[in-house]
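The values are calculated or read from the model by the stated rules, or taken from the named source; none is laboratory data. What you see is a predicted model, and the numbers here were worked out from it, not measured in a lab. With ideal geometry, Cβ positions are generated from the backbone for all residues, glycine too; neighbour counts draw on all protein chains shown.
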Amino acid sequence: MDERQIHDHINDLVRTEHELREKLGSGEITATEEHERLARTEEQLDQLWDLLRQRQARRDAGENPDLAQERPTSVVENYEG
């Protein structure tokens with residue numbers, strides 16, 4: 001995944017977060033549902049920011065940024081993008 005794809009994914013997750021908060025406010029989802037989905041979204045965001053930092057560190061060290069690896073997580077497969 002390159003920087004553009006990572007940033008696009010981050011933008012999608014931020015939109016998801018805002019939608020969840022709107023749905024909670026309108027009563028479409030419960031607080032429990034919102035907290036579970038927000039926790040997954042936040043973990044995915046953390047993982048993507050970490051990947052961007054790894055890519056930059058590799059670039060700064062003169063290494064190939066494409067060799068940066070995503071940190072394993074159980075929520076990646078739950079992404080609804």
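What do you reckon, is residue 40 at pLDDT 85 or above, over 15 Å from residue 2 (Cα atoms) and surrounded by 15 or more Cβ atoms within 10 Å (Cβ to Cβ)?
On the way: at pLDDT 85 or above: yes; over 15 Å from residue 2 (Cα atoms): yes; surrounded by 15 or more Cβ atoms within 10 Å (Cβ to Cβ): yes.
Yes, satisfied.
If we keep just the residues of segment 1-39 that are part of a helix (DSSP H, G or I) and of a type in the set (Val, Ile, Thr), which is nearest to residue 70 (Cα to Cα)?
6
Being part of a helix (DSSP H, G or I), more than 15 Å from the chain's Cα centre (by Cα) and either at pLDDT 90 or above or of a type in the set (Lys, Arg) (or both) is the requirement here; does residue 59 meet it? Step through it out loud before you land on a result.
Numbers: part of a helix (DSSP H, G or I): yes; more than 15 Å from the chain's Cα centre (by Cα): yes; either at pLDDT 90 or above or of a type in the set (Lys, Arg) (or both): yes.
Yes: the conditions hold for residue 59.
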